[in-house]
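These notes concern the structure reproduced below.
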Amino acid sequence: QVQLVESGGGLVQPGESLRLSCAVSGINFSRYAMRWYRRAPGKERELVAGITSTGGTTNYTDSVWGRFTISRDNAENTVYLQMNNLKPEDTAMYYCYAERPTAWGDALKYWGQGTQVTVSS
């Protein structure tokens, strides 16, 4: 059974930090690219950050560039999202996502249940 379990969300004030974790089981984690998405109330889901299977390449949406850092520990089957200088507009449910292409041209895709991040004074 594949499980992606996020943790680390919470309520913080603007300017503070949080570190999200996503513990993955049931798949060969080191073969999967990982992403963090978020969905704010009334808005569409947004890709926040991504990291390749080896961790060699990362990418970020413009609004979090320089504030968020995605990383992974393939020995621990965990992906992280360090979020610094949080802003109210970062308030959303954050989701972990795993993807690996198959030999048939499609992809294996898995989602976590999400962890809530609320930034408010």
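The figures follow:
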{"read-out": "Glu76 vs. criteria open to solvent by 70 Å² or more (accessible area, probe 1.4 Å) and either in contact with a helix residue (DSSP H, G or I) (Cβ under 8 Å, 6 or more places away or on another chain) or acidic (Asp, Glu) (or both)", "value": "yes"}
{"read-out": "Odd one out for Tyr94, checked against (1) open to solvent by 10 Å² or more (accessible area, probe 1.4 Å); (2) touching an Asp or Glu at 6+ places or on another chain (Cβ under 8 Å); (3) of a type in the set (Phe, Trp, Tyr)", "value": "(1)"}
{"read-out": "Selection within the range 97-109 - in contact with an Asp or Glu (Cβ under 8 Å, 6 or more places away or on another chain) and either assigned to a loop (DSSP other than H, G, I, E, B) or touching a residue at least 40 places away in the same chain (Cβ under 8 Å) (or both)", "value": "Leu108"}
{"read-out": "Qualifying residue in the range 14-25 (condition: open to solvent by less than 20 Å² (accessible area, probe 1.4 Å), under 14 Å from Ala98 (Cα atoms), of a type outside the set (Ser, Thr, Tyr) and in contact (Cβ under 8 Å) with a residue 12 or more places away in the chain)", "value": "yes"}
{"read-out": "Counted residues, the range 49-73 - those being hydrophobic (A, V, I, L, M, F, W, C), without any contact (Cβ under 8 Å) to a residue 12 or more places away in the chain and surrounded by 12 or more Cβ atoms within 10 Å (Cβ to Cβ)", "value": "0"}
{"read-out": "Positions within the range 26-36 being open to solvent by 30 Å² or more (accessible area, probe 1.4 Å) and not hydrophobic (A, V, I, L, M, F, W, C), in sequence order", "value": "Gly26, Asn28, Ser30, Arg31, Arg35"}
{"read-out": "Unique match (being charged (D, E, K, R) and touching a Lys or Arg at 6+ places or on another chain (Cβ under 9 Å)) among Arg38, Arg72, Arg19", "value": "Arg38"}
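Okay, residues lined up against (1) farther than 16 Å from Ala23 by Cα; (2) touching a strand residue (DSSP E or B) at 6+ places or on another chain (Cβ under 6 Å):
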| position | (1), (2) |
| --- | --- |
| Thr58 | yes, yes |
| Trp65 | yes, no |
| Asn77 | no, yes |
| Asn85 | yes, no |
| Tyr94 | no, yes |
| Leu108 | yes, yes |
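The values are calculated or read from the model by the stated rules, or taken from the named source; none is laboratory data. Not measured: the values here are computed from a predicted model. With ideal geometry, Cβ positions are generated from the backbone for all residues, glycine too; neighbour counts draw on all protein chains shown. Only protein heavy atoms, including side chains, enter the accessible area calculation; ligands, DNA and RNA are left aside. Shrake-Rupley method; radii C 1.70, N 1.55, O 1.52, S 1.80 Å.
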